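Colleague: Quick one: the structure is below, and I'll ask about it shortly.
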Amino acid sequence: MEERIYTIPLNKAKTVPRTKRAKRAIKEIKEFLERHMKGEVKIDSSVNELVWERGIRKIPSKVRIKAVKMEDVIWAYTPEAEIKIAEEKKKKRKEKKVAEEEEVKKPEEGAIAEEEREEEIERTPEDEIKETEEEIEEVTEEEIPEEEIPEQETEEEVKETEEVAEEEEIAEKEEEETEEKTKEEIEEKAEGNVKEEKEEKKEK
């Protein structure tokens with residue numbers, strides 16, 4: 001592989017009528033490369049875009065081109081396009097790797113699906129019935145609550161309950177006694193008030 005960079009003058013192409021200058025410029029580039037590198041010339045679209053950038057009439061006076069010779073074939077393109085080509089090659093390589101990985105994954109997924117199908121085919125209706133019965137048993141076991149076993153009361157708890165009951169009885173008796181005392185006091189006060197009123201009347 002041989003690489004060269006040329007600056008090709010296009011002064012001769014400007015001697016041609018204006019409506020034919022761009023085509024003549026491409027022809028001049030081909031003839032120049034054939035003369036200097038000897039081989040079949042193939043021009044990249046980047047060169048064509050550079051020549052036709054300002055239209056068919058206003059061509060550039062000179063062009064900088066990179067020529068690569070590979071087995072009697074000369075590829076001509078601009079040095080700026082070389083960077084783009086390298087980037088495109090990288091993208092294509094990445095795409096190829098991704099496609100290969102996907103192709104590797106697909107047969108694996110297909111094999112797994114086939115195994116699952118074979119297992120389903122191997123299952124008999126008797127196996128399905130057994131599975132359904134097992135599921136029903138599991139559901140029933142979950143739904144039936146376990147009976148709560150009453151805990152036996154200890155002697156200490158029995159004593160505590162008895163003491164609490166006795167304290168409540170004593171408190172009730174005390175309340176009844178206080179109520180009776182308050183009633184008696186009220187009655188005595190009422191009688192005293194009545195006696196005082198009678199005495200006041202007698203005095204009058």
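Just so you know, all these numbers are worked out from the coordinates, no wet-lab data involved. All values reported here derive from a predicted model rather than from experimental measurement. Here the Cβ positions follow ideal geometry from the backbone for every residue, glycine too, while neighbour counts run over all protein chains shown.
Colleague: Arranged by the count of other C-beta atoms within 10 angstrom, fewest first, what order do Val63, Val98 take? Present the calculation step by step, with values, prior to reporting the outcome.
Modeller: Working: Val63 20, Val98 10.
Sorted ascending by nearby Cβ count, the order is Val98, Val63.
Colleague: Please compute the modelled spin-label separation between Glu163 and Glu188, points set 7 Å along Cα→Cβ, answer in nm with one decimal.
Modeller: With each label point 7 Å from Cα toward Cβ, the separation is 3.8 nm.
Colleague: Got a sec? Which residues in the stretch 40-54 would a label at Arg64 touch, if it sits 7 Å along Cα→Cβ and we count backbone N under 19 Å?
Modeller: In the stretch 40-54, the label zone of Arg64 (backbone N under 19 Å from the point 7 Å along Cα→Cβ) covers 44-54.
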